[in-house]
Amino acid sequence: MITTQNLTKKYNDQTALDQLNLNVNKGEIYCLLGANGAGKTTTINLLLGFIEPTSGSALINDLNVSQKAKETKKILAYIPENLMLYPSLTAIENLDYFSGIAGKKLTKENVISFLKEAGLQENAFEKRITAFSKGMRQKVGIAIALAKDAKVLLLDEPTSGLDPKASNEFGQLLHKLSQKGVATLMATHDLFRAKEVATHIGIMKDGQLKEECIARDISLRDLEQTYLSTMNYKEVEL
Amino acid sequence: MFSYNFKYELKLLLRSKWIQLLSILLLLLFGFSTYNGKEKVAKRNADVVAAKNKVKENDQMMLQLLDSIEKGMPVSASRWTIPTSPMALGNYHPRIAAVASQPMAFVATGQADLFTHYVKPKVTGDDFALNFTEMTSPVQLLFGSFDLAFVIVYLLPLLIIAFSYNVLSSEKENGSLRLLASQPIGIQNWVLQKLSLRFFWLSALVILSLCVTFLIFGIDWFSMLKSFLLIIGLIVSYMLFWFSLAFLVNLWGGSSAKNAISLLGLWVLFVLLSTVYAKSTKYYAISNAFTHPTN
Amino acid sequence: MTRKTFFKESKELFRDGRVRVAMIIVVILMCVSVWISARQYQNINEQYKVANTSERAIWDNQGEKNPHSAAHYGTYAFKPKYPLSLVDQGVDKYAGTSIFLEAHKHNEAQFSAASDQTGLARFGDLTPDFMLLFMMPLLIILLGYNSFTKEHEMGTLTLLKSQGISSWKWIAGKWAALFLPILILTTVLFIIAGLILSNLRDFGVFDWNALLWMYLVYTVYYIIFVNLILFISAKTKKSGISLVVALSLWILSCLAIPKAASNIAEDAYPYPTRQEFAANVLKDKKQGLDGHNPWSKKAQRLKENVLAEHGVDSVHKLPFNFDAYRMQKGEEHEAEIYFKHYNYLKEQFVKQSKVYKGLAAFSPYLPTRFMSMAIAHTDYATHWNFADAAENYRIATQKFLNKNFEQNAAYGDWSYRADANFWKQLPAFEYSPPQLGAVLSQNFSNLGVLGCWLVGSFALLLFIKKM
């Protein structure tokens, strides 16, 4: 569903992404780990079509993102690191608007059911976004993804700034979506949550994918060790 | 996308109090400027009426004088002013030639404060082709008048700029652009729709405010429908020009601050410095079109 | 700490692309405006010189003529232009440039530049005063509107507070960084203007003192704006709002209030129309100054008095031409009538000025504009001054002519002609505007209002302190 083929992005003489090859199939949740500047956000931006690759290609559902921008956007949903909606509109209105301009006409019942599915508490439906916490806004973002019936989900640091309960709820939602067959690519620093939800994990450094593993085959502690050694970091014995 | 944009743009404008603010501002500005314009026109007309009345009074006295002369009574007037001579009549009892104010004259002062509106041509002397300025304080001419034309030509673009400079940049700075951009829409098209809607609403507000203002000041625009529609047409096309500029600047993709400054620079260029290039600009045409007969 | 803030702010401004662009544009526009203005100034001065000499030549070469004919033939007084009008053109465009001096009539200055131009001229010219009065405050807004709001928005404010800063020094640093580029631009402009003016030969007397005072007035104007903009920036939370408020202030002060003021002043204290004025003068001429004492009666009494004084019973026996003598007295009588009516106009203008001064409490532009015009001798008061001087010259001229007639012609001899060389004896019209000291003391109230604005705007800064 999500495929990159030798995807490369260079800015003048700086290489942000170097020959990235990864694949996420239906129902898989792929967590991309790496330091800031490792290329995680660049990868997502390329998959969204926000930037053009220097070479190689990004494919969503076998459609080339550069060539078929609108079609790919129809089937993917994106939740940025800091999801901001329209503060003076309510949750229902935000969902209605974003779905509507994407071409999906929803009735009020539909909207409410999607918000419920996303786990937003009912008393927040008619409240304006200005009062929402980050977790609540995330849920509206998920609702938008649900309403879009997206096949692909791209997430950028979704759990940063969430408290453990919200983070857990988010993980549950991701799991639910993957069971529906959604392919998810998630860029994150959150090793714990990655281990909890991911099916596959990749570690990036300096624009290259250094390590890949299957989540259930590795313990959290080992994951951390692998991560740190990829970064050439030796833990200091305290 | 358009129906959703239409519905939600209106909601956003109402909730952010833009529509309310603009309405009040427009009413105040239009009201004050129309009042000024009307006062000026009323004064001009009153002057002409007073002058004409004076002529009537003088005529009465002249008739009495003629009557006395016919009856052979001695009179104290100088020999060369006695109205039995047509030349004397032409020189000492001139008529009034006045320029009538057009119904829409209150809209723009134009050159009307510079020139006189009535003269008393005599048979000899006083070549009015040379000089027909009115007696006014030059300070008043220097500052100009707070008339409707000023509001429309100078202030309305500023309102438009404030209303449209950050349509795209605020999304970016707010953070909601990321979500928008991941939808299957063309962002340029989205900006165009939003700006068009704002243009639509502002035009509606402007027209409404004008009608209300005219109503309050007892200006019967219905009877001068053609002029009124012409003015509305001019105003709307002028607004379209400024919205188009705002659209281009938005597409340029700068930050809100940069956009604001670019648009302001364009305003200074087009409105304040419009005489630097001596071509006849649209804005001059607007101002003069309202009041061409009073030049 | 002030210095550190000053350098940091200046660096930020310098590195900001839009600021660089804006400053370059302002500099270019200023150069263009000074160049245009200098050319125009030279042009008009040449015209003035030519007009003066040719008109005097016409007067001198009238040949043999009856003095009273010459009095009706008349001559012109031309309004000179002064060096500082290069910086501030004031009302010159709207005030007449020449006064026709003839017998029995006190004329107004005619042929203002504006009356010869189209409506386009009313929109505004690229002149130094336009740049100084409108563009510089706009530049201040551009440079300073986000001075405090950016600290809020970048989040650096909390960091600064936790470093333990002294508010005063911090504000002073920002103030200096905002004011310095403005000060430099203004100083350079005035120095250039001064150099150009002192190098123009024999066109008016150039006074560096006056230039200095003008420079001070504008500097105060900019300080006021700097204070106001910083205050607005400190009190609002978002840059966008700060910009809008600052711009509204600019529009209000520089465009809206002056225009509204001119409307209000005109409404409250209108001038009579030209025709009305002429009709009033005519009425007084017929019926006498006080309405009961027409000239015909006065002339009668004058005759009786003069005859009694010289102990004769007929005007033929007087040692001078009585017609000329009576004409002169008549001239003086008419001059009084005109004086009364023109004085009414002056009074109306004084009342209108009071309206402007009242509204100056809401706009620092008004007192600055008036002060600048006064110092440049391009204000309305100077125009009145010139008109009065021309009138005095006219009266003196009539006396000169009538005296000649009085002493050299027998009574009833209207065929008397003065010698062709007689006209050259009339002294030329000389006019010099009030000195700087007089101008300053006349405009004391404007200076006062400006001072209040200065103090008041600094007081506002005190309110920023509590953050």
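The values are calculated or read from the model by the stated rules, or taken from the named source; none is laboratory data. Nothing here was measured: the structure is a model prediction, and the numbers come from that model. Because the Cβ atoms are built from the backbone with ideal geometry, glycine has one as well, and the counts that use them run over all protein chains shown. Accessible surface is based on the protein model in full, side chains and every heavy atom, while ligands, DNA and RNA are left aside. Shrake-Rupley method; radii C 1.70, N 1.55, O 1.52, S 1.80 Å.
Worth a mention:
- Of all the residues in segment C:11-49, those that are surrounded by fewer than 17 Cβ atoms within 10 Å (Cβ to Cβ), over 24 Å from the mean Cα position of the chain (by Cα) and in a helix (DSSP H, G or I) number 11.
- Residue within segment B:41-57 that is touching a residue at least 24 places away in the same chain (Cβ under 8 Å), crowded, with 18+ Cβ neighbours inside 10 Å and within 30 Å of B:Ala204 (Cα to Cα) present: yes
- Residue within segment C:440-450 that is of a type in the set (A, V, I, L, M, F, W, C) and touching an Asp or Glu at 6+ places or on another chain (Cβ under 7 Å) present: no
- Selection count, segment A:25-76, where residues are of a type in the set (A, V, I, L, M), open to solvent by less than 10 Å² (accessible area, probe 1.4 Å) and within 25 Å of A:Ala194 (Cα to Cα): 11
- Segment B:222-266, residues that are of a type in the set (Phe, Trp, Tyr), open to solvent by less than 40 Å² (accessible area, probe 1.4 Å) and at pLDDT below 90: B:Phe228
- Positions within segment A:199-223 being part of a loop (DSSP other than H, G, I, E, B) and open to solvent by less than 10 Å² (accessible area, probe 1.4 Å), in sequence order: A:Gly207
- Hey, C:Gly74 over 29 Å from the mean Cα position of the chain (by Cα) and on the phi > 0 side of the Ramachandran plot or not: no
- Matching helices (runs of 4 or more DSSP H) fully within segment A:1-110 where at least 3 residues are more than 9 Å from every other protein chain (Cβ to nearest Cβ) and either in contact with a Leu (Cβ under 7 Å, 6 or more places away or on another chain) or not acidic (Asp, Glu) (or both): A:40-48, A:91-101
- Residue match in segment C:214-233 (condition: open to solvent by 30 Å² or more (accessible area, probe 1.4 Å), within 30 Å of B:Leu22 (Cβ to Cβ) and at pLDDT 90 or above): yes
- Candidate set: segment C:257-266, residues that are open to solvent by 10 Å² or more (accessible area, probe 1.4 Å), more than 19 Å from C:Asn343 (Cα to Cα) and at the interface with another protein chain (Cβ under 7 Å from one of its Cβ atoms); chosen: the one nearest to the chain's Cα centre (by Cα): C:Lys259
- Enumeration of residues in segment B:71-107 that are assigned to a strand (DSSP E or B) and closer than 24 Å to B:Thr34 by Cβ: B:Ala98
- Within segment B:192-204, the set of residues being within 14 Å of B:Phe243 (Cα to Cα) and more than 13 Å from chain A (Cβ to nearest Cβ) comprises B:Leu192, B:Leu195, B:Ser196, B:Leu197, B:Arg198, B:Phe199, B:Phe200, B:Trp201, B:Leu202, B:Ser203.
- Long-range neighbours under 9 Å by Cβ, at least six apart or interchain, first residue in a helix (DSSP H, G or I) within segment C:243-270, second of a type in the set (Asp, Glu): C:Lys259/B:Asp147; C:Asn263/B:Glu39; C:Asn263/B:Asp147; C:Glu266/B:Glu39; C:Glu266/B:Asp113; C:Asp267/B:Glu39
- Criterion: free of Cβ contacts under 8 Å to residues at least 60 places away in the same chain and under 14 Å from the mean Cα position of the chain (by Cα) - qualifying residue of A:Leu76, A:Leu46, A:Leu89, A:Leu59: A:Leu46
- The residue that is modelled with the highest pLDDT, counting only those in segment B:137-191 that are open to solvent by 10 Å² or more (accessible area, probe 1.4 Å), over 21 Å from B:Leu26 (Cβ atoms) and more than 14 Å from chain A (Cβ to nearest Cβ), is B:Leu168.
- Residues in segment A:111-123 that are open to solvent by less than 50 Å² (accessible area, probe 1.4 Å) and either part of a loop (DSSP other than H, G, I, E, B) or facing chain B (nearest Cβ under 7 Å) (or both): A:Ala118, A:Gly119, A:Leu120.
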